[in-house]
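The values are calculated or read from the model by the stated rules, or taken from the named source; none is laboratory data. All values reported here derive from a predicted model rather than from experimental measurement. Positions of Cβ are generated from backbone atoms using ideal geometry, with glycine treated the same way; all protein chains shown enter the neighbour counts. These area figures cover heavy atoms from the full protein model, side chains too; ligands, DNA and RNA do not enter into them. Shrake-Rupley method; radii C 1.70, N 1.55, O 1.52, S 1.80 Å.
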Amino acid sequence: MTKESAQNDRGTKRSAQNDKRALRKELNGYIIKVIYMKDFIGGEYDVIVVGAGHAGCEAALATARLGFSTAIFTLNLDNIANMPCNPNIGGTAKGQLVREVDALGGQMGISADANFIQSKILNRAKGPAVYSLRAQIDRRAYSDYMKYVLEAQENLEIKQAEVTGILCENQKIKGIRIHTGTVFYCRILILTTGTYLNANIIIGESKISSGPDGLLPANRLSDSLEELGIELLRFKTGTPPRINERSIDYSKLIEQPGDEDIVPFSFMSGELQIEQVPCYMTHTTAETHRIIRENLHRAPMYSGEIKGIGARYCPSIEDKIVRFADKESHQVFVEPMGLGTKEVYLQGMSTSMPEDVQLKMVRSLPGLEKAQIMRPAYAIEYDCINPAQLKLSLEIKGIEGLFFAGQINGSSGYEEAAAQGLMAGINAAMKLQNREPLVLDRSQAYIGVLIDDLVTKGTNEPYRMMTSRAEYRLYLRQDNADLRLTTIGHEIGLVTPERYNRFLEKRRLIQGEIRRLQNTILPANDRINDFLERHGSTKIVTGIKLYDLLKRPEMEYPYLKEIDQGAELPKEVIEQVSVSIKYEGYLKRQMNQIEQFKRMEERRLPEEIDYEKIHGLSLEARQKLNAIKPVSLGQASRISGVSPADVAVLLVYLESRKRKG
Amino acid sequence: MINDTIAGVSTAVGNSGISVIRLSGPDAFLIADKIFKGKYSVSEQESHTIQYGKIISNETNEVIDEVLLIKMEAPRTYTREDVVEISSHGGYTIASSLLNLLYSNGARPAEPGEFTKRAFLNGRIDLSQAEAVMDIIQARTQRVSKVAVKQLEGSVSQKLNVIRERIITLLSDIEVNLDYPEYDAEEITLAQAGKETTSIIIEIDSLIKSFHYGKLLREGMEIVISGRPNVGKSSLMNRLTRKNRSIVTDIPGTTRDTVEEYVNIKGIPVKLVDTAGVRETLDQVEQQGVERTIKAISDADLVILLIDISQGFTAEDHDLLNKILKERKPYVLCFNKTDLVDDKQKINDNINLYPDAIPMSISEDRGVDELEERIFGYATENSQDIDNQVLITNARHEGQLKKAKEHLESAYRASVSKMTLDMVALDLKAALEELGKITGDHADQDVINAIFSRFCLGK
């Protein structure tokens, strides 16, 4: 895609850019004077990572752990792996992502297990494909922990600075320049700048240039990206107010405790036992809705002040009330931000209303009549790149050695960021080792779905992972992430021997137990039939394999103890065994689908193909294919505008190419 | 890549005496064996030989047709795969039942140009023709999709959309609970999901049954030949019955007041009703005759209004035309006896007034072919550009609907056997994908859009 035609696709882009320029003019007053020292070289690294959020941390740890000298730059060292929005990790589809990051040898799962204050499995009754783990996290503790992990990491240097420019020669990355003018050289640059690029914070009528949580924005890097010909988009997201819990009357709230049985994120964590902290629930009232309606003209989303594109799944409360006018009340969750603070997060009250309206809104919630707002809710606008410019390895097309990960790619969420960060880190290392990039496909991992969606389809709103986006979610479960990915992580070199051995042992136990259940036949006697009757199951007249018995929906593995002497097995092994037996039919069907899918993915499309010259392709397909440069027929088929007929034409083209030799 | 077996028609349907259905792929013999009864099974039959036998539906045990079956083992075939060619009696009905039977027994509908594509991929067609092959694929696909769009206009597509919407709604009800477990809506239960699924199955069933050509083919199309006395109605009737193979039917004639004949016009079974009988047998009972004519017109699927153009467009002709219009019936105007008109300008004047009219001379056998085209065109709702693509898209749509129904049934079974909601969702999504192959919509995005537009979510 030429730069120009891409921009035509995104109407909002130009005006956003003009806005930015105007803002920058205002800002010049703040920058007192920058005298560049004549190319002072601050250092030379294999890899530089810009941004130390959830993506940056994973990326830097991965390259450092794989033996490459790495430097990570952040605007503020005290906010490494900050959670500027919800104080939790995981949830539907996101929990699966964390598990996958962990299975590959990433950090997020381990850090979350070390700093959670409440744990919960969501969707327990709705099926194994959608069980999702979510933990409330002590935000400060998590940040400190992650900072320490980075500090302790061999091959890794941490630096506080604003990166202001990208150095690039002959379309190849050379290094970066920071605000002081100092230059650092690198072979690979990974940008994980989150929501900081030209960030504006909007609260009602006030709009200031600022990053989240009062941190500095990065106002100069966007220009450097545009100079490199990279297309930028402008997205928007928001966060609810934070309240001092001393000002809340908890007797009016409904307590939401964590699960008794704690399931860790990391396959390395073993049994976890902590004193859990509850969350609470309240709800909006008719009064809340009245306040919002009366002040709608002051909401920047409605007054036209905000132009960035917001996410549908993360609407502000004023959005919800306008769009779903007949709904009388919305839930609001009160979530603790940590053990060392009385600050709590009000999930459900995301808004960009002016401060006075916010206070009235919050105080209209039962139990929050005297609430003190510590930090007001705000909307944030920021630059990100159009992710369709990336390869599946997360390296940008056309510039050697420049990778992107996290919210700068148009995604949202800590987990989505971490997953991309890990993959960018791994692929940076693969490139330095002259190895093929690691591309997980849609049938291997949610990570694969995430990156394929972003790169192949692009996105026009901050992208959130959902289980409904995964075609093969019955196979992409959180419980088998290690079985799916740890071998891959081992080949990459990120999986420690300890983790790998644990995984091998688990796999051995699962396979052994399934074999045993297949070979153990229960006789049709009174004892067995009593047992069956006790559990509401049909009696048997001939012998039955334990394996087939477990297929009965009412039959659960733990019941077997009453009639069968199997070895004591770890919980996670039993879970695997149960799921693979109970859902065997569905899993088989899914595996067939995956096989079909793989056949299309395996038909490679060489990068040098000029689609303009292929006879028989539709015009739209030619343009889109040349812009995206898909690596396989499968990826090509997912591009909007590429029809099944175009795919058939490509197939014939590939064949004729092969025959020509 | 190529591991499935495809089926399609390789001759134009309706225009020829026989139609050839082609099966190609690894399971070609296996699939043919499921529905073919001959002296030998297809697997035993020698390669490159032909055998006589019957096609029997393994669903209803009904004999579909007597056919000749050619077996050709790979690689000496058009596609270099195992190929079976079945020559059946021409006609829309038989060809589509046969195709449907093959689809329900494991064959997949061939994509446009797919036999040629396979021939190329398997090395049967040489490289110099690669571009031609690519052009064929693109051109045929465009043609098919054009036909498909035309086919889908109207009530079928409306019903299809209703079904799609219902599945999307049900799926988003389930998915919103899965993706947003803390969303404060009433959670849908397995029982509710099962109940809604059953009701969708009933809808899809009725759609399969009412599928346009399905109705016409099963029940036949009723065409009334109307006109003043002596305009040539009986001649036209005779001409159409003599020209076209009469078909035997077990539907008893309800009344003998009208003359009825069953014929097969270009593969469309047609009941021809000649209102001539009315006037001429019950001569003087004018009033009763008119009533019968009107009744016949109101029952008809299509009315032929025959006019003796040598006498001009008379007031009585106008009366009849108005009656047809009042009944809101589709009609074809035929200007007969053009051979008797010396002043051709007279005909042209009338044609200018009624540009859709067909000039006709039954005695000289002119215009009858065109009338047949028009009848076939109406039957397939596609007055130009008719060929076997129409049949293929129709058969494919029906096949897709049946597959969708299977998935829905599986979803229902999952819901009653206490499986979890995510399994039910799996089947529903599969059903939606099958329907998407008809409409060209993408299931995933639709469900996600439905979730966000129907529910109020967020942090």
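Its Cα centre serving as origin, chain A has a Cβ charge dipole (Lys and Arg +1, Asp and Glu -1) of approximately 1500 debye. Here's the list of lysines a cross-link from A:K545 could span, going by alpha-carbon distance under 29 Å and ignoring same-chain residues fewer than 8 apart: A:K126, A:K506, A:K561, A:K571, A:K582, A:K588, B:K418. Between amide H atoms placed 1.01 Å from N, distances below 5 Å from A:Y45 occur with A:Y185, A:C186, A:R187, all of them 5 or more places distant or on a separate chain. Applying a threshold of 25 Å to the alpha-carbon distances of A:K120/A:K598; B:K195/B:K405; B:K34/B:K117; A:K539/B:K402 flags A:K120/A:K598; B:K34/B:K117; A:K539/B:K402 as lying beyond it. Taking the empirical scaling 2.2 N^0.38 Å for compact globular proteins as reference, the protein assembly as shown has a Cα radius of gyration ratio of 1.12. Residues of segment A:604-636 that bury at least 50 Å² of accessible area when the other protein chains are present, relative to the chain alone (probe 1.4 Å, heavy atoms, ligands and nucleic acids excluded): A:H615. Under 5 Å between amide hydrogens, built in the peptide plane, is the criterion, and for A:G410 it picks out A:I385 among residues at least 5 positions away or on other chains.
Summary value for segment A:242-376: 40 percent relative contact order, contacts being C-alpha pairs under 8 angstrom separated by 6+ residues. Backbone amide hydrogens, once placed in the peptide plane, bring A:M374 within less than 5 Å of A:R242, A:I243, A:N244, excluding anything fewer than 5 places away on its chain.
Here the relative contact order of segment A:368-440, from alpha carbon pairs under 8 Å that lie six or more residues apart, stands at 24 percent.
With all pairs of separate Cα atoms included, segment A:242-376 yields a Kirkwood hydrodynamic radius of 16.4 Å. Here's the list of lysines a cross-link from A:K360 could span, going by alpha-carbon distance under 27 Å and ignoring same-chain residues fewer than 8 apart: A:K207, A:K236, A:K252, A:K307, A:K320, A:K327, A:K342, A:K370, B:K459. How big is the A/B interface in buried accessible area, both sides summed, 1.4 Å probe, to the nearest 100 Å²? Approximately 5200 Å² gets buried when A meets B. 3J(HN,Hα) along segment A:219-227, derived from phi through the Karplus expression 6.51 cos²θ - 1.76 cosθ + 1.60 where θ = phi - 60°, amounts to 9, 10, 5, 4, 4, 4, 5, 5, 4 Hz, with x in place of Gly and Pro. Of the GluC sites (Glu not before Pro) found in segment A:228-333, those that fall in a DSSP loop while having at most 11 other beta-carbon atoms within 10 Å are A:E260, A:E271, A:E275, A:E328. Per the Kirkwood formula applied to alpha carbons, segment A:516-657 shows a radius of gyration over Rh ratio, Rg over Rh, of 1.34.
Residue by residue, segment A:587-592 carries 3J(HN,Hα) couplings of 5, 4, 4, 5, 5, 5 Hz when phi is fed to the Karplus relation 6.51 cos²θ - 1.76 cosθ + 1.60 (θ = phi - 60°); x denotes Gly or Pro.
Taking θ as phi - 60° and the Karplus parameters 6.51, -1.76 and 1.60, the scalar couplings of segment A:319-330 work out to 4, 4, 6, 6, 6, 10, 4, 7, 7, 7, 8, 10 Hz in sequence order, x denoting glycine and proline. Note on segment B:6-125: Kirkwood radius taken over Cα pairs, Stokes-Einstein applied at 25 °C and 0.890 mPa s, translational D equal to 174 µm² s⁻¹.
Across chain A, counting alpha-carbon atoms alone, Rg and Dmax equal 26.5, 91 Å. For segment B:6-125, the per residue solvent-accessible surface stands at 40 Å², with DNA, RNA and ligands left out and a 1.4 Å probe. Residues in segment A:242-376 average 45 Å² of solvent-accessible surface per residue, probe 1.4 Å, ligands and nucleic acids excluded. Summing charges over neighbours of A:L104, with a neighbour being any other residue whose Cβ is under 11 Å away from its Cβ, gives -2 when K and R count +1 and D and E count -1.
With contacts taken as Cα pairs under 8 Å at a separation of at least 6 residues, chain A carries a relative contact order of 16 percent. Scaling against 2.2 N^0.38 Å puts the C-alpha radius of gyration of segment A:90-129 at 1.22.
Listed by chain and number, the lysines whose alpha-carbon sits under 18 Å from that of A:K624, ignoring those within fewer than 8 places in the same chain, are A:K3, A:K391, A:K397, A:K457, A:K613.
Surface exposure of segment A:603-660, expressed per residue as accessible area with a 1.4 Å probe, stands at 44 Å².
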